[in-house]
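The values are calculated or read from the model by the stated rules, or taken from the named source; none is laboratory data. The structure presented is a predicted model; accordingly, all values stated were derived computationally and were not measured.
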Amino acid sequence: MELREVERLIEQYEEGNTSLVEEKKLSEYFSTHSVPSHLEPYRIIFGYIKATKNETYQGKNPVGGKPKSKYAWVAIAATIVLALGLFVYQNNPSYNAGGENNDIVMTAEQEEAYLQAKRTLLLVSEYMNDGKEELVHLKEINSANKFINLKQ
């Protein structure tokens with residue numbers, strides 16, 4: 001096979017457009033011919049594919065097996081206890097934020113910080129509302145522009 005043909009097949013292989021026959025030709029080429037240095041990585045790839053083509057897994061399937069030690073049973077039991085604890089905690093209204101016992105107790109410092117933040121936010125809101133009054137004139141200009149555009 002010529003070098004141009006091999007390079008064309010490699011381009012098709014990289015794009016996923018080769019047939020099994022073409023891939024077999026590439027595999028044979030890389031296993032029997034001397035390869036230019038720029039194609040050396042493909043020799044490794046096709047060599048690996050050829051070497052591992054008929055391999056099968058000989059081990060046991062680890063999924064679905066039974067726990068073999070007492071530590072595995074302890075881990076299973078701990079998981080169940082944890083899940084049960086979370087279930088009880090989630091369904092107990094006295095622990096939830098939305099329950100009836102959600103009285104907030106604040107220290108004097110926290111109360112002072114809360115009041116200061118509230119005053120600051122009210123002041124900012126007041127300045128924002130003052131700036132908003134100036135926007136009334138823009139509404140009048142926009143409505144006038146709409147009226148002018150309708151006449152044209």
Expected single match for acidic (Asp, Glu) and modelled with pLDDT under 85 among Glu23, Glu55 is Glu55
Considering region 102-137, residues that are under 38 Å from the mean Cα position of the chain (by Cα) and in a loop (DSSP other than H, G, I, E, B), and then whichever is modelled with the highest pLDDT, we arrive at Ile104
